[in-house]
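Accompanying notes for the structure given below.
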Amino acid sequence: MDFLTAIKTCFTKYAEFGGRARRPEFWWFALFLFLVSVAIDIVLPGSLYFSETEGLNLITWRTPADTVNNLWSLATLLPSLAVTVRRLRDSGRHWANIFWVLLPLVGWIVLIVQCAQPSVPEQRFLGFGGPGYGQPGQQAHGQSGYGAPTGY
């Protein structure tokens, strides 16, 4: 999958959390989001100003780029979450691993490592929407019923 196809796919599957996303789709889309954020920072000017808060002189940055970047992040939040969930599923992990991002620094590293893992074969895929998922009377490995496999 090339750069433009990955971007088109991610925006086409804007809120589709089912299915799988291969590594190229995920990483090209992540690169696209990063490049757009950098472009916003380069194109829109920054302005440094001083504000007084309780007698302390604080230097803060407030730029138009911050506002536009925040709007960009908000607009791409859902497709980013969707492609990350699909990527986790493709690497054989549960979608709930996305909550690693709530841990400062370490969580992002864990999530990046999980998303960088190779895809698992389709027949080994047991996550949401995988073979046997949600089908009464059938388990993921082809055994009948919901209980423990019989015949041992």
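The values are calculated or read from the model by the stated rules, or taken from the named source; none is laboratory data. Here the structure is a predicted model, which is why all the values come from computation and not from measurement. Positions of Cβ are backbone-derived with ideal geometry, glycine not excepted, and every protein chain shown enters the neighbour counts. Accessible surface is based on the protein model in full, side chains and every heavy atom, while ligands, DNA and RNA are left aside. Shrake-Rupley method; radii C 1.70, N 1.55, O 1.52, S 1.80 Å.
Tabulated results
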{"item": "Cβ-Cβ under 6 Å pairs, at least 6 apart or on other chains, the range 18-33 side more than 13 Å from R89 (Cβ to Cβ), far side open to solvent by 40 Å² or more (accessible area, probe 1.4 Å)", "result": "P24/M1; W28/F3"}
{"item": "Flag for F11 being modelled with pLDDT under 95, out of contact with any Ser or Thr (no Cβ under 7 Å at 6 or more places or on another chain) and not in a helix (DSSP H, G or I)", "result": "no"}
{"item": "Of all residues making up the range 1-19, the number that are over 17 Å from L77 (Cα atoms) and open to solvent by less than 40 Å² (accessible area, probe 1.4 Å)", "result": "1"}
